[in-house]
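What follows draws every value from the coordinates through simple rules; no lab data is involved. Because the structure is predicted, anything quoted here is derived from the model rather than measured. Positions of Cβ are backbone-derived with ideal geometry, glycine not excepted, and every protein chain shown enters the neighbour counts.
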Amino acid sequence: MQEKKPKRDFDRSSSTAKNIRFEDELLEQINNAAGPGNFSSWVKEACREKLKSSRASQK
């Protein structure tokens with residue numbers, strides 16, 4: 001696990017930026033599904049749905 005770095009003064013206090021790599025084909029599909037300017041919110045919502053379904057299947 002990566003070491004947690006202290007936030008800089010200009011960073012948001014309740015979020016953290018992460019750099020991730022996507023396969024080109026997957027990225028194209030996400031961009032098409034999300035629409036212009038909605039990439040971040042689309043990916044975050046997809047992650048929330050995955051976590052929700054993962055919790056449900058663990059019960």
For the chain the chymotrypsin sites (Phe, Trp or Tyr not before Pro) that pass both the DSSP coil test and the at-most-14 other-Cβ-within-10 Å test are F10, F22
Expressed as a percent, the portion of alpha-carbon pairs in the chain spaced more than 20 Å apart is 48 percent
Excluding near-sequence neighbours (fewer than 8 apart on one chain), the chain holds lysine pairs with C-alpha atoms under 19 Å apart numbering 7
With a Förster distance of 25 angstrom and the Cβ-Cβ distance between A56 and L26, calculated FRET efficiency to the nearest 0.05 equals 0.55
